[in-house]
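Some notes on the structure that comes next.
The values are calculated or read from the model by the stated rules, or taken from the named source; none is laboratory data. This structure is a prediction, so every number in the text was calculated from the model and none was measured. All Cβ positions, even for glycine, are placed from backbone atoms using ideal geometry, and neighbour counts span all protein chains on display. Areas reflect the complete protein model, heavy atoms only, side chains present, ligands, DNA and RNA absent. Shrake-Rupley method; radii C 1.70, N 1.55, O 1.52, S 1.80 Å.
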Amino acid sequence: MPGSTPSSCLPQWPKDVGIIAMEVYFPSQFVDQTELEEFDGVSSGKYTIGLGQARMGFCSDREDINSLCLTVVQRLMEKNCLGFDSIGRLEVGTETIIDKSKSVKTVLMQLFEDSGNTDVEGIDTTNACYGGTAALFNAVNWVESSSWDGRYALVVAGDIAVYASGSARPTGGAGAVAMLVGPNAPLALDRGLRGTHMKHAYDFYKPDMVSEYPVVDGKQSIECYLSALDRCYSVYRNKIHAQWQRAGVEKSFSLEDFGFLAFHSPYCKLVQKSLARLMLNDFLMSSPDSQTGHFAGLEAFRDIKLEDTYFDRDVEKAFMKASAELFEKKTKSSLLISNQNGNMYTPSVYGCLASLIAQHSPQQLAGQRVGVFSYGSGLAATLYSISITQDHTPGSPLDKLVSSLCDLKARLDSRRKVSPHVFSENMKLREETHHLASYVPCGSVEELFPGTWYLTKVDDKHRREYARCANIDDFPEARQRTSNTSTEHIVGHATKMPCVRPSTASPVDVISNGDH
């Protein structure tokens, strides 16, 4: 794989630094949003149409932020046949905090023990849903710096998104994404093309240190998200125009210059509105004579101000209709995980990126520029772009990346559906046991995906211990289970990836985040 050349041998900074490999993990059970509407006593379609959500993944008390990240890291390393000594930087982006001092990254270092590799830079990065993006930027900057020693960087974004019962609860979810970063990557971050906006705001925050639940101002959060999108897009446009002018290219940047767009997705309908919002930006920046194509029939909105339109239903409706074709072409495919699993916080936008990659062929992706908008409340936001390599030949890095993610839909479909009552009881259990000492989880281990790390106990000093389910590749035949709808599903990866090292861990192999 690319990325192994020592920095001392390189005459200049590494080329095409970005994402080489990705792995996604989500819980093995979900609640159906239609059934949740009925259980919550809300109008039909409130969650499924109003929010655009179909299913919501959630964790039992057997999983926490450490176990999610342990699972996704080990899976990425096994799928790509990598030794832990090949990693020189590991950084975790998360807002799911179970310890005010000890980082998730230090827990993950136990996976490195057999390799003897302790020379691994990086630590946890936290600011709501933006932490994963900050970690990715730090990893890319490390590879491009004088500190780089020729090894890969590994970025992990993981969270458990849960809300108190009420209108925000259906916007939850859980999961983790791991990304291998290095040079000669099939997904290269465009240098100098980041539009960032940061501002002090209390739209979503977690002041109660003994609760998993946030404080949310829903209306303000939407305004913060959309205003940040406006500002980031403006800065990005200015930077790409400057690059083009230096290269002698005279043209205006617009949505048409993105092959695809992926957004942080609290819920799918907001993403659709966000694409419409970018079209509104393009429209207001265009010539008044631009009344053809996507802008036909929109001249009545020529004199509006962006800051006056966050909740203008007429503007929203008109530009969602005008951008419908672009949404279908450039963004809809990115919402697979978001629609089926819900909001994952820091991994959300990278789950969208993985969904996009999983549903296109290497030929369709090659040479495209992908716009990525990351938002974290409080607030921090960036719009940046990724250039996909032109090389889509069989066996190329792009071909391998697409192949490694092609089972996403099958994995989503293999999960177990549980009733809203069971989901509600799980949320109640998490409330009652959050940060308890001397606690032994009672959730079923048998329902977890093969190869999943899970919590075995919390001792009287709040030290957590973990074990790993046996991997599906340890058995000649895939284990099967029956969901509550009596439909048989294969648990785990729907397709066996080549060159996977069978796990040596079993359910009795214990890993602890305390002293040994």
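Of the DSSP beta bridges with both residues in the chain, give the percent that are antiparallel, rounding to the nearest 5.
About 75 percent, rounded to the nearest 5.
Compute the projected area of the convex hull of the Cα atoms of segment 200-347, averaged over all viewing directions, and report it in nm² to one decimal place.
Result: 10.7 nm².
Taking N as the number of residues in the chain, what value does Rg over Cα atoms divided by 2.2 N^0.38 Å take?
Scaled against compact globular proteins, the figure is 0.95.
Based only on Cα atoms, what Rg/Rh ratio does segment 93-212 have, Rh being taken as Kirkwood's radius?
With Rg and the Kirkwood Rh in hand, the quotient comes to 1.00.
Per-residue counts of other Cβ atoms within 10 Å, averaged by peptide: what ranking do you get for 328-340, 423-435, highest first?
Taking the mean over residues of other Cβ atoms within 10 Å, the ranking is 328-340, 423-435.
Multiplying the sequence separation of S167 and D119 by 0.36 nm and subtracting their Cα-Cα distance, what value in nm do you get?
Result: 12.7 nm gained on full extension.
Please give the peptides 165-178, 202-215 ranked by average Cβ packing (other Cβ atoms within 10 Å per residue), highest first, as a rough proxy for protection.
The densest-packed peptide leads the list: 165-178, 202-215.
Sorted by accessible area (1.4 Å probe), largest first, how do D312, D99, D459 line up?
Sorted descending by solvent-accessible area, the residues read D99, D312, D459.
Based on the Cβ-Cβ distance of V440 and S147, what FRET efficiency does E = 1/(1 + (r/R0)^6) give at R0 = 35 Å, to the nearest 0.05?
0.25
Could you order the peptides 225-237, 189-201, 347-359 from most to least packed, using the average number of other C-beta atoms within 10 Å per residue?
Put in order of decreasing packing, that is 347-359, 225-237, 189-201.
Report the accessible area of S361, computed with a 1.4 Å probe over the heavy atoms of all protein chains in place, in Å² rounded to the nearest 10.
The value for S361 is about 40 Å².
Using 0.36 nm per residue, how much length does the chain from I304 to F39 gain when fully extended, once their Cα-Cα distance is taken away?
91.2 nm
With a 1.4 Å probe and all protein chains left in place, how much accessible area per residue does the chain have, in Å²?
Heavy-atom SASA per residue in the chain reads 41 Å².
Hull surface divided by four, with the convex hull built on the Cα atoms of segment 296-412: how many nm²?
If I average the Cα hull's projected area over directions, I get 9.4 nm².
Can you list, bin by bin at 5 Å, the percent of alpha carbon pairs in segment 1-149, starting at 0?
Calculated over all Cα pairs of segment 1-149, the distribution is 2, 8, 14, 16, 17, 14, 10, 7, 5, 4, 2, 1, 0 percent.
Grab the Cα-Cα distance for F311 and K199, subtract it from 0.36 nm times how many residues apart they are, and report the gain in nm with one decimal.
Result for the pair: 38.3 nm of gain on full extension.
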